[in-house]
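J.: Please find one structure pasted underneath; my questions will follow.
What follows is calculated from the coordinates using simple rules that are stated; it is not laboratory data. Keep in mind it's a predicted model, so treat the numbers as computed, not measured. We place every Cβ from the backbone using ideal geometry, glycine too, and count neighbours over all the protein chains shown.
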């Protein structure tokens, strides 16, 4: 006797009245790897540039990062340029170029006890920051800033925020700096932080 | 084929939680004399959106958003089918070849070869310069098993012995690429097992024994191995070839599982069941070697390479009452787990939680630890059938869990819950050739988990909630095929709630009311 039974072909077609299935699950919002953030401060009217690097050469986990202190002179205006690199690659990959290419979805925020500026309401802080660059919508980017100094110490946190549009509505808006300043952080701002590093600042 | 749009909570849509699924499979069975061969293949493929609300933030920003009642930007969220980043693409392929021989003296002998391919890609929100996935996990598994179900041995008219014994071998290869997280690995395992069941007139005794041996080799690029050394997880020379470009860390595990159970029928309606068992499992490779930002949790995760197998000692007993109009079941159990593998915050000598500075801010450090845990609980249910077509059902469960190593509560342990349901089933064939027509209404109450340990968690457990559900269904024959139709509604009161056992609770509410219509077609052919 020979019997062959073919089973299978199960078709299930759910359609929707409201909406279905369990939500959530999965992962959060990791971004491309950045391992080094460099702030270069060039004094207006000449003088040696001050460079501070946050460097985590083996990425998340592994060894702790090295963080340079920032030491500046009183009563000057520095031209500050920030760069982002992935040094896990050889040669290092310059992420700054990608940020500049998509500047209408990115903004760099300067916060912490050492800074007063659009995103940080700390009058009398040793640094006063002002944006020097704009994206195609006329909104600040923050790759280039001016820092004016007064005597004091504190911490400077540099945050690279990626704010891609959601359902074709821009998330990076004119109110972004104010939102960060009023919430004293990023809890009310859309997008996610690709980099957030903190330097100790001394102005003497 | 399945397509689901993103659901909505009572207040906002869960942006980007759509699902697109394809499920195909076929089986071929050939029977010749006392030999039967089965060949089957099944493929599952899915694209799963990940809620835009699930986001990793540094510790301060994460805690600040926990305070808000809704995710930021949720006014832009939409319930739609489209899946964007972040998302996952998952594929499972399963193939199986099994031959079974009926041996007149011995019983039934079977040999099974199976192959499984699992592939998961995770896509994060990235700049346009990046087009690929950020995490890529691929696992290949080959397994061979030989099993013998021996013929029942009739010791007396009322005493019979049934049982089975077998051996299996397994080989696995795992490939990972993406952000630093886990290594590639290979593993080889073998197992032998036997179980016997003594069946008497009003009792049964069952005993089983299983032995497993496994060797695992984790393969590291030099740079990744050094990261584990710098994190303090491994000594510099802990693994073979530590100075080479590629390093292999080997671990071997032997585990023994055993169980002894008995069932006693007391009169016509009552029965008592009791079981004692012990079982062990080796640690997973990620529990051993994890090093990096966990993709699902805003933490830095560090594994523990020298973890030993986790061993459970379990005791349980169940009492049942069966009557044509009433069925009752109640169970109590206790599980003591030695070397319970637990992913939890790391603390320094002073008892303060440890934070790591990353380029994306400060994150809490979580480590896998081996602790002693105790779980115990009761669950039970009552089903009453006052009329043949009407069924009333009540079920409850309660579980308690302690970390005995530091005498704290374990996290993510389900809260006490109670569920009641009433269903009506048409006793005979209804109009239009419909059969098995039924309607049911259910209510579930989940209490707030009051036994929690905030230091091992980010947020206190959410409030208690009540959910109402309903279902309508019927089936109809169409020629050789059967069509089943079911309409299911959940959370019909549109309750706003968060589930303590879900990661989503840190970010957003659970879905509000939903309805789903399911049409299934079953067909079979013989030649």
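J.: Could you compute the FRET efficiency for residue B:117 and residue A:132, with r as their C-beta to C-beta distance and R0 at 45 Å, rounded to 0.05? Before the final figure, lay out each step's value.
T.: Details: r = 53 Å, r/R0 = 1.19.
In this case the efficiency is close to 0.25.
J.: If you take the square roots of the eigenvalues of the alpha-carbon gyration tensor of the stretch A:23-120 and sort them as a ≥ b ≥ c, do you get rounded (a/c under 1.5), prolate (a/b over b/c) or oblate? Don't skip to the answer; put the middle values down first.
T.: On the way: a/c = 1.88, a/b = 1.56, b/c = 1.20.
Because a/c hits 1.5 or more and a/b exceeds b/c, the stretch A:23-120 counts as prolate.
J.: List the pair-distance distribution P(r) of the stretch B:189-329, using every Cα-Cα distance, as the percent of pairs falling in each 5 Å bin from 0 up to the bin containing the longest distance, rounded to whole percents.
T.: All Cα pairs, binned at 5 Å, distribute as 2, 8, 13, 13, 11, 10, 9, 8, 7, 7, 5, 4, 2, 1, 0 percent.
J.: Sticking with this one: Can you give me the Kirkwood hydrodynamic radius for the stretch B:3-146, using every pair of distinct Cα atoms, in Å to one decimal? Before the final figure, lay out each step's value.
T.: Details: mean 1/r = 0.0526 Å⁻¹.
After inverting the mean inverse Cα-Cα distance, the result is 19.0 Å.
J.: Determine Rg/Rh for the stretch B:28-91; Rg is computed over alpha-carbon atoms and Rh is the Kirkwood hydrodynamic estimate from the same atoms. Present the calculation step by step, with values, prior to reporting the outcome.
T.: Values: Rg = 23.0 Å, Rh = 16.4 Å.
Here Rg/Rh amounts to 1.40.
J.: Also: Rounded to a whole number of µm²/s, how large is the Stokes-Einstein D of the stretch B:172-226 at 25 °C and 0.890 mPa s, given Rh as the Kirkwood radius over C-alpha pairs?
T.: Working: Rh = 15.0 Å.
After rounding, the answer is 163 µm²/s.
J.: Moving on. Please compute the average number of Cβ atoms from other chains found within 10 Å of each residue's Cβ in peptide B:54-66.
T.: Values: counts 7, 8, 7, 8, 7, 0, 6, 10, 3, 2, 6, 5, 1.
Averaged over the peptide's residues, the number is 5.
J.: Moving on. What is the distance in Å between the Cα centres of the stretch A:88-158 and the stretch B:359-437?
T.: About 51 Å separates the Cα centre of the stretch A:88-158 from the one of the stretch B:359-437.
J.: Which log10 I(q)/I(0) values, to two decimals, does the stretch B:7-61 give at q = 0.13, 0.25 Å⁻¹ under the Debye formula with one point per Cα?
T.: Values returned for q = 0.13, 0.25 Å⁻¹ are -0.61, -0.98.
J.: Another question, then. Based solely on C-alpha atoms, express the radius of gyration and the Dmax of the stretch B:197-237 in angstrom.
T.: Radius of gyration, then largest Cα-Cα span, for the stretch B:197-237: 23.6, 65 Å.
J.: Still on this model: If I model the stretch B:244-403 as equal point scatterers sitting on the Cα atoms and use the Debye formula, what is log10 I(q)/I(0) at q = 0.09, 0.10, 0.13, 0.19 Å⁻¹?
T.: Log10 of I(q)/I(0), two decimals: -0.52, -0.61, -0.82, -1.19.
J.: Applying a 10 Å radius around every beta-carbon, put A:138-144, A:149-155, B:357-363 in order of their mean neighbour count, most first. Don't skip to the end; give the middle numbers.
T.: Working: A:138-144: 18.6, A:149-155: 15.7, B:357-363: 21.3.
Ranked from most to least packed, the peptides come out as B:357-363, A:138-144, A:149-155.
J.: Let me ask another. Looking only at the stretch B:364-404, which residues have a backbone nitrogen under 14 Å from a spot 7 Å from the Cα of residue B:439 in the C-beta direction?
T.: B:390-391
J.: In whole angstrom, how far apart do the alpha carbon centroids of the stretch B:103-164 and the stretch B:1-28 sit?
T.: Here the answer is 27 Å between Cα centres.
J.: What ranking, highest mean first, results for peptides A:73-85, B:279-291 when packing means the other Cβ atoms within 10 Å averaged over each residue? Numbers along the way, then the final one.
T.: On the way: A:73-85: 17.6, B:279-291: 21.5.
Order by mean packing, descending: B:279-291, A:73-85.
J.: Which Rg and Dmax, in Å, describe the Cα atoms of the stretch A:142-203?
T.: When restricted to the Cα atoms of the stretch A:142-203, Rg and Dmax are 13.9, 46 Å.
J.: So what's Rg/Rh here for the stretch A:71-122, counting alpha carbon atoms and using the Kirkwood radius for Rh?
T.: Numbers: Rg = 14.6 Å, Rh = 13.7 Å.
Across the stretch A:71-122, the Cα-based Rg/Rh ratio is 1.07.
J.: Let me see the pair-distance distribution of the stretch B:109-238: every alpha carbon pair, 10 Å bin width, integer percents in order.
T.: Cα pair-distance distribution for the stretch B:109-238, in percent: 10, 23, 23, 18, 13, 9, 3, 0.
J.: While we're here: Compute the distance from the alpha-carbon center of the stretch B:305-323 to that of the stretch B:229-255, in whole Å.
T.: 34
J.: Over the stretch B:347-504, what portion of Cα pair distances is larger than 28 Å, expressed as a whole percent?
T.: Numbers: 5848 of 12403 pairs.
Tail fraction, whole percent: 47.
J.: Quick one: if you take sqrt(5λ) for each eigenvalue of the C-alpha gyration tensor of the stretch B:286-357, what semi-axes come out, biggest first, whole angstrom? Don't jump to the answer; show the numbers that get you there.
T.: On the way: eigenvalues 343, 47, 34 Å².
Semi-axes from the Cα gyration tensor: 41, 15, 13 Å.
J.: Please compute, for the alpha-carbon atoms of the stretch B:47-128, the extent along each of the three principal axes and give them in descending order in Å.
T.: 71, 29, 23
J.: Find how much the distance from residue B:99 to residue B:270 grows on full extension, using 0.36 nm per residue of separation minus their present alpha carbon separation; answer in nm with one decimal. It would help to have the intermediate numbers written out before the result.
T.: On the way: separation 171, 0.36 × 171 = 61.56 nm, distance 4.04 nm.
Taking 0.36 nm per residue and subtracting the Cα distance, the gain is 57.5 nm.
J.: Moving to a separate point now. Quote the convex hull volume per residue of the stretch B:433-514, based on C-alpha atoms, as a whole number of Å³.
T.: On the way: hull volume 10.1 nm³, N = 82.
Taking only Cα atoms, the stretch B:433-514 has a hull volume of 123 Å³ per residue.
J.: Right, here's the next one. Go from 0 up to the bin containing the longest alpha carbon distance in chain B, width 10 Å each, and give me the % of pairs per bin.
T.: Going from the shortest bin to the longest, the percentages are 3, 12, 20, 27, 24, 10, 3, 0.
J.: In Å and on Cα atoms, what radius of gyration and Dmax does the stretch A:40-93 show?
T.: Rg, Dmax (Cα atoms, Å): 14.2, 42.
J.: At what distance in nm do the modelled label points of residue B:78 and residue B:523 sit from each other, each positioned 7 Å from its Cα along Cα→Cβ?
T.: 3.7
J.: For residue A:100 and residue A:86 in one chain, what is 0.36 nm times their gap in residues minus the Cα-Cα distance, to one decimal in nm?
T.: On the way: separation 14, 0.36 × 14 = 5.04 nm, distance 1.56 nm.
Length difference between fully extended and current span is 3.5 nm.
J.: With a Cα-only, solvent-free Debye model of the protein assembly as shown, what are the log10 I(q)/I(0) values at q = 0.06, 0.10 Å⁻¹?
T.: -0.47, -1.24
J.: Where does each of B:250, B:419 land when they are ranked from fewest to most other beta-carbon atoms within 10 angstrom? Mind dumping the intermediate values first?
T.: Working: B:250 11, B:419 17.
Lowest count first: B:250, B:419.
J.: When you look at the Cβ of every residue in B:509-518, what mean number of other chain Cβ atoms sits within 10 Å? All intermediate terms of the calculation are to be shown ahead of the outcome.
T.: Working: counts 1, 3, 7, 2, 3, 8, 6, 8, 6, 5.
What the average comes to for B:509-518 is 5.
J.: Another question about this same structure. Please compute the average number of Cβ atoms from other chains found within 10 Å of each residue's Cβ in peptide B:3-9.
T.: On the way: counts 5, 7, 5, 4, 8, 3, 1.
That average works out to 5.
J.: For the stretch A:60-204, what does the equivalent ellipsoid look like in terms of its semi-axes, each the square root of 5 times an eigenvalue of the Cα gyration tensor, given largest first in whole Å? Mind dumping the intermediate values first?
T.: Values: eigenvalues 116, 81, 42 Å².
After diagonalising the Cα gyration tensor, the semi-axes are 24, 20, 14 Å.
J.: Here's a follow-up. In nm, to one decimal, how far is the modelled label at residue B:128 from the one at residue B:108, with both set 7 Å along Cα→Cβ?
T.: 6.1
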